[in-house]
1. Can you find, within the range 49-59, the residue that is surrounded by the most Cβ atoms within 10 Å (Cβ to Cβ) among those that are away from the ligand (no atom under 16 Å from the Cβ) and of a type in the set (A, V, I, L, M, F, W, C)?
2. Condition test on residue 233, is it over 30 Å from residue 273 (Cα atoms), over 22 Å from the mean Cα position of the chain (by Cα) and among the hydroxyl-bearing types (Ser, Thr, Tyr)?
3. If you check 62, 46, which single one turns out to be within 16 Å of the ligand (Cβ to nearest atom) and either touching a residue at least 12 places away in the same chain (Cβ under 8 Å) or in contact with a strand residue (DSSP E or B) (Cβ under 7 Å, 6 or more places away or on another chain) (or both)?
4. Among (1) under 30 Å from residue 285 (Cα atoms); (2) touching a residue at least 40 places away in the same chain (Cβ under 8 Å), which single condition is residue 129 missing?
5. Whether any residue in the range 256-267 is at pLDDT 95 or above and out of contact with any strand residue (DSSP E or B) (no Cβ under 7 Å at 6 or more places or on another chain) is what I want to check.
6. Would you check which residues across the range 35-56 are farther than 27 Å from residue 269 by Cβ and either under 15 Å from the mean Cα position of the chain (by Cα) or in a strand (DSSP E or B) (or both) and list them?
7. State the number of residues belonging to the range 238-247 that are modelled with pLDDT of 95 or more and either part of a loop (DSSP other than H, G, I, E, B) or surrounded by 22 or more Cβ atoms within 10 Å (Cβ to Cβ) (or both).
8. Return the only residue of 489, 447, 482, 519 being part of a loop (DSSP other than H, G, I, E, B), of a type in the set (A, V, I, L, M) and touching a strand residue (DSSP E or B) at 6+ places or on another chain (Cβ under 6 Å).
Amino acid sequence: SADSQPYRSAYHFQPPNNWMNDPNGPMIYKGIYHLFYQYNPRSAVWGYIVWGHATSTDLVNWTIHPPALLPSEPYDINGCWSGSATILQDGTPAILYTGIDSKNNQVQNLAMPKNPLDPYLVEWVKSPHNPIMEPNSMNKINSTLFRDPTTAWLGNDERWRVIVGNKREHHIGTALLYTSTDFVCWTEAERPLHSSNETGMWECPDFFPVSNAKHVLKASVFRSLVEYYTVGTYDGETDIFIPDEGSVDNESGLRLDYGKYYASKSFFDSEKKRRILLAWVNESTSTNIDIMKGWSGLQAFPRKIWLDKSEKQLVQWPAEEIEKLRTNQVKLPITTLKAGSLLEVSGVTGAQADVEISFSIPMLERAAEVFESSWRNPQEICSQRGSSANGDLGPFGLLVLASSDIQEFTAVFFIIFKKNSKFVVLMCSDQKRSSLGLDYDKTTYGAFLDVDPVKQNLSLRTLIDHSIVESFGGEGKTCITARVYPTLAINDKAHIFVFNNGSQHIEISNLSAWSLKQAKISSTEEHDKSL
Ligand code: FRU
């Protein structure tokens, strides 16, 4: 029940119990969305990994099916690890995944649907040709650093291409490229698609077009559990990807999310002509607590993702289907938020809400504090300042999952600085005060937001769901996800406030908040028992 399990999510996908990590093989097939995921049916801790499987018609409500892939053969007997789905030319989906073989080597395997006429694709057949890619003495691939095949793409030469995450000597994070004409027999290309000598092992790479001219390459960097991406150009003839100038090719580059967000994977939704992004959001608590509550891991809410008009970065926004869950809208008229003020957003369920707010700043030119040129790390600035410090323009923003007496809260806010004749906007998510009781990772997150507050209102959208707070600044230009475990601000005791701890007043130009209903997550049968 909600009382004994106050941290379970209402509309972020999670299985009824046990461990979940990466999203795998997302796709739409015959009008049905498929989400597979790294799942341990035996415990709330990572270990015996199978492919959990759920389907949906709206990315909101899910039906859980029996696991699609279980360890069963010498080439995957120690685990069915991450991978992707590709829709082949004849419309049939194929799964490529990493198997951990009987010698604990990582190999890549192929699986096909048993019955492609079944839109739910509940049964998968592993290829008799498996493994279809393996490390050997010829290719010098380290057999413990070779995993997570992407969705494949077809070149003009009718050859399929796929990349696989790898690390080469001297910490070179690498996207190995393989090609095939029949999807069964794969050969390693002469050169990887791309690599960077500043990162270490690349897990769960993702590679996709975002416009006619640009591609995005995303890597999940194992050593820091940070994901970064570069925008660049891909030459389909030479199979070379070149990041654009200024697009940083290591963990200090652009991130899909500056909080807790890992092993993301996108797919093209051919029905709604959009790209959807999914990701694993880990717990911030200890393994003991995970075992006690019997589960671990959430999926971020699916996001639509596209290239910003600057062509320098991506923009993300919760899939529009979330609006189905909205109820009891609360709207605020234009309101001045005086220095030091706190305003409750009442009338919505604070533990399950969608809040959109935008600010305009009347005294911008005169007021902003000067940005020191030595400040490099936005996360550090957020962490040092926190939400209670008094600045000039900010901190201002939202306190969510807050107790009525403000003893507990998670603060999502902005601070505006002046730099020469321009402005620098910092977006922060501060978890320091998120719980009185539990001891867990309360790291503060922060990033710059590429919005000019002279030309635009500063907007923030935050999705609140019991123990997860997903925030979208500047209409999705900077995203930060956090996990928090309040002890007072749970269920109907969770409140939402707007605050301004700066010395200047600002204006709320728009505020809409909604309660969000519970998504329906059901299972087709009780299949965990047999595992
Ligand atoms: C990323 C990852 C992948 C691997 C999977 C195993 O979180 O480590 O590299 O395939 O999880 O569960």
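1. 59
2. It is false that residue 233 is over 30 Å from residue 273 (Cα atoms), over 22 Å from the mean Cα position of the chain (by Cα) and among the hydroxyl-bearing types (Ser, Thr, Tyr).
3. Only one candidate qualifies: 46.
4. Status for residue 129: all satisfied but (1).
5. No, the range 256-267 contains no residue that is at pLDDT 95 or above and out of contact with any strand residue (DSSP E or B) (no Cβ under 7 Å at 6 or more places or on another chain).
6. Hit for the range 35-56 is 40, nothing else.
7. Adding up the residues that qualify gives 4.
8. 489
The values are calculated or read from the model by the stated rules, or taken from the named source; none is laboratory data. What you see is a predicted model; the values in this text were computed from it and never measured. Reconstructed Cβ throughout: ideal geometry from the backbone, glycine too, with neighbour counts over all protein chains shown.
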